[in-house]
Structure formats: C-alpha cells, structure tokens
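Novice: This is the structure, below, for whatever I ask next.
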Amino acid sequence: MLGEAKKLQGRHNHWIEQDPERASLWRYAWNLLLENELTLEQICETLHARGHKYRSGRPFVQVKKNGKRVANTSTLAAIFHNWTYAGWVTSRAGKIPPKTIKGNWEPIVTTEEFERGLAILEQRDLKRGRERRHDYLLKGLIYYNEPDNQRLIRLTCSTSNASRAGGGTPYYCIARSSINFLCSSVDEQIVDALQRVQVDPDLIPLIRAAYTDDIAEKMGHLRPDEREQMLAALKSIDEEEVRMMRLYAAGKVTEKLWDMQWQEWQDRRARIRMSLEGLEGQQQVYIENLDAALKIIAQVGIVYNRLERSDQKELLRYMVERVVVDSAGKIRLELCAPFAYLQDITDQVRSGAPAISKGKKAKTARISSGLGSESCSDSFLSCGRDRIRTCEPGISRLTA
C-alpha cells in the first residue's frame, strides 16, 4: 500500500543521515580544498596517508605493481561539485537547480564554503586549460580499403601531440600500424564527393518518371499473390455469410449465434479492407519518400558548406553508409538507401538520350536509368514507412 501511495503522490520520500566518521572525513577534505594550497592529487595523498578510503572501499591513491601511484581524483572532484553536501536538493530530471530547495539534513559545509570551493576548482581549470579534443567529422563512418583486398577496415581517430598549443595533428588511422590519413586531407574531399552526388534539377522529372514506373512494376510484381489472397478471403466471408443466412432462415441457427457470427464477419472484413488500402497506398508513400530524398540530393552540395559542423555530421550520417579511403588517400562515398538508388538512376539518366518524347517518357527513362537491375530498387523499397532515413524530422532543417 505504501508503494501505491507513493505512485499516486507522484514522488518518493528520501532522507539523509550523517555518518559521523564519514562526515568528519569530508569536512577535513573540504578544509584542505578551501585552503587552496593542495591539488586534488595532493588532497588524495593526504587522505590516503591518514588511512581513509571511499565508502566503496576504493583507495584515494592506488599503488600499482610497478610502484606507480595513481590518485583517484574523479570521485573526489564529483563530491566537491555535489550540492547535497551543502544541504541543497538538486535534480536534472526534475529540473531543480541548486539553491532552490533546502534539504532537511545537516550540511557538512555551508553554502558559502561550497561556492568558494567551486570557485577554486573553476579557477584551477581556467589556469590549467581544459584538454582539447578534436571533433572528428567522419568518426564511425570511415573505412580503409586494403589494396588487392575486398575487406574494409574501420579506421579509428587519433590526435598526436594533443597537448601542444595548436592541439596536435588529428588522423584517421589503424592503431599500431603505419596506416594513417590526415583528417584535413580526407575531410576536404567530402564537399567534392557530395557535389558529384548532387542531382541536376533538370534531371528530376526523368528520375521521377523512371522511379514511378519502377515502383508500379515492383508493386505489381512483388504483391499480386498477397492481393489475390485478400480478395479471396473477402469472397470466402461472403460465401460463409450466405450459407449461414440459409440456416438462419430455416430456423437452424439462433438469433444470438447469428448476431455473434455477423459481428465477426464485419471485423474480419474491416481488417482485410484495411490491409488492402495499406497495400494500395504504399506507392504513394514511396513517391513521398522520393520527393524528400530528391529535395536533399538536389541541393546537398550547395548547403553543406553553409551548415554548422554538428549539422554537417548529422547530414552525412543520414546520407552516407560509409566513407571508403584507398591507399592513396582518395575517398568514395557509399550512400544509404534511398540515396544509393537515386545516385545509380541519376548516373544512368545522365548517360542516356538527351530528349525523351512524352509518349515514351517513362519507358525510355526506365531503360536509360538501368532499372533492370533490381538491387537498387529493392534497397529503396525495403525502407518503407517511418524507416526511410529521409523521413527523419531533423533532416528538414538541414535543407531549409
């Protein structure tokens, strides 16, 4: 009952009690911090020398087999940033900022002391400077194609001499090998690669015609049996209803049984008709997906350089399955569906006849686009509603 009451209230009650031994330990640690003479490593050493450990049993200083001493400062720093020790309730999930709700426990340090400690730590961070971390554009996307080998090896990201003033030199590389590529020389090729993918707006009508023709044929080839089965099921229900009606008219079936059976027939009909409508609506879904994909691929080479770094990374992850770099450092893009399909059909349309008559537009576009190869179409069709990458809501702002 208590648990149900807490659920109904929408909250859980917690309380904090001081452990006198632990409280004195952390009061002493704060005193060391507020003196602003010892580093976090030195505070750990001081506490370790007095025989103290974290509540978990973890030592403040770990002595390795080779004699090297490692101060466990991460937990110490987290405690020095924890407003609970100053008597305040905070919660990210509950959106409760510090100094909003006062706790009902005895604090170890005052609010003024806690804020002074934070200021000391912040000043040290500014003086030392935070570790610079390179933002790798193709992290997780870039692969190396070994010469004379079909196997692709995913490249990792590494920055040499990261502590230098310039932040070091970032590479895409294979760990513990001589295979490494400058990030700058690889990243600068992305713009040209995307421009090669970009579709000429004049070709969009041809692509749309070829695609629509392909969808119509695919829908006809892939699903005739399914449609026939649904129509046969509807006919079977009609026949069953006629037979039952004869029995009902002859008085061999009760009215209650007839009502129950009639409702079941209606439910079955509704489910089948809904499936039929969904089947017939798939082509429209694919056309909408095509429009979304064409909107991106028709301007990607233009908008890419205008995007912020984070948006560039997001756009690449929508469009690109992987970036493959060869031994010479040259890249090629392997696109995700449906962009791979569109690139294939665009390449074929570009190499086809320049003029197409209205009467033979769809057929000629299909021939010139090479749609006899079913793999590209299948990769597009397999995406379906809500699974195609261009349906993601975030992509609209990338092309706005």
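Novice: Tell me, Kirkwood radius of the stretch 2-128 from alpha-carbon pair distances, in Å?
Specialist: Computed over Cα pairs of the stretch 2-128, the Kirkwood hydrodynamic radius comes out at 16.5 Å.
Novice: Give the separation of the Cα centroids, the stretch 230-279 to the stretch 27-54, in Å.
Specialist: 81 Å
Novice: Quick one: if you stick a label point 7 Å off each Cα along the C-beta vector at residue 328 and residue 179, how many nm between them?
Specialist: Computed distance between label sites residue 328 and residue 179 equals 1.8 nm.
Novice: With the crude spin-label approximation of a point 7 Å out along Cα→Cβ, what separation in nm comes out for residue 38 versus residue 302?
Specialist: 6.4 nm
Novice: Listed highest first by mean packing, meaning other Cβ atoms within 10 Å per residue, what order do 91-101, 239-249 come in?
Specialist: Going from most to least packed, we get 239-249, 91-101.
Novice: Turning to a different aspect of this structure: If packing is taken as the average number of other Cβ atoms within 10 Å across a peptide's residues, how do 147-153, 343-349 rank, most packed first?
Specialist: Details: 147-153: 9.0, 343-349: 20.9.
Ranking, from highest mean packing down: 343-349, 147-153.
Novice: Right, something else. Give the order of 52, 81 when sorted by the count of other beta carbons within 10 angstrom, beginning with the fewest.
Specialist: 81, 52
Novice: At 7 Å along Cα-to-Cβ for each site, give me the label-to-label distance between residue 74 and residue 15 in nm.
Specialist: Placing both labels 7 Å along Cα→Cβ, they lie 3.4 nm apart.
Novice: What are the residues whose amide H is under 5 Å from the amide H of residue 320, where those residues sit 5 or more places off or on another chain and H is modelled from the backbone?
Specialist: Here 336 satisfy the definition.
Novice: Between residue 154 and residue 106, how high is the FRET efficiency from 1/(1 + (r/R0)^6) when r is the Cβ-Cβ distance and R₀ = 41 Å? Nearest 0.05. Numbers along the way, then the final one.
Specialist: Values: r = 53 Å, r/R0 = 1.30.
Computed FRET efficiency for residue 154 and residue 106: 0.15.
Novice: Work out from phi, with θ = phi - 60° and the Karplus expression 6.51 cos²θ - 1.76 cosθ + 1.60, the ³J(HN,Hα) of each residue of the stretch 90-98, listed in order in whole Hz, and give x for Gly and Pro.
Specialist: Rounded to whole hertz, the list is 9, 7, 5, 4, x, 6, 10, x, x.
Novice: Taking neighbour Cβ counts within 10 Å as the exposure measure, how do 114, 181 sort from fewest upward? Intermediate values should be presented prior to the final figure.
Specialist: Numbers: 114 24, 181 21.
Result, fewest neighbours first: 181, 114.
Novice: Residue by residue through the stretch 33-39, what is 3J(HN,Hα) from phi via Karplus (6.51 cos²θ - 1.76 cosθ + 1.60, θ = phi - 60°)? Round to whole Hz and write x for glycine and proline.
Specialist: Coupling constants for the stretch 33-39: 5, 5, 5, 6, 10, 9, 6 Hz.
Novice: So, one more: Please list 3J(HN,Hα) in residue order for the stretch 139-151, calculated via the Karplus relation 6.51 cos²θ - 1.76 cosθ + 1.60 where θ = phi - 60°; whole Hz, with x for glycine and proline.
Specialist: Calculated HN-Hα couplings, in order: 4, x, 10, 9, 10, 10, 9, 5, x, 6, 8, 7, 6 Hz.
Novice: Contour minus end-to-end for residue 188 and residue 252, with contour as 0.36 nm per residue of separation and end-to-end as the Cα-Cα distance?
Specialist: Roughly 14.8 nm would be gained on extension.
Novice: Sort the following peptides by mean Cβ neighbour count (other Cβ atoms within 10 Å, averaged over residues), highest first: 322-334, 264-276.
Specialist: Descending packing order for the listed peptides: 322-334, 264-276.
Novice: Just want the ordering: 105, 30, from fewest to most Cβ atoms lying within 10 Å of their own Cβ.
Specialist: Numbers: 105 15, 30 22.
Taking fewest neighbouring Cβ atoms as first place, the list is 105, 30.
Novice: Cα centroid distance between the stretch 69-117 and the stretch 170-192, in Å?
Specialist: So the two Cα centres are separated by 43 Å.
Taken together, the values in this text are just the output of simple stated rules run on the coordinates, not laboratory data. Predicted model only: the values in this text are computed from it and were never measured. Glycine also receives a Cβ, built like all others from the backbone with ideal geometry; neighbour counts cover every protein chain displayed.
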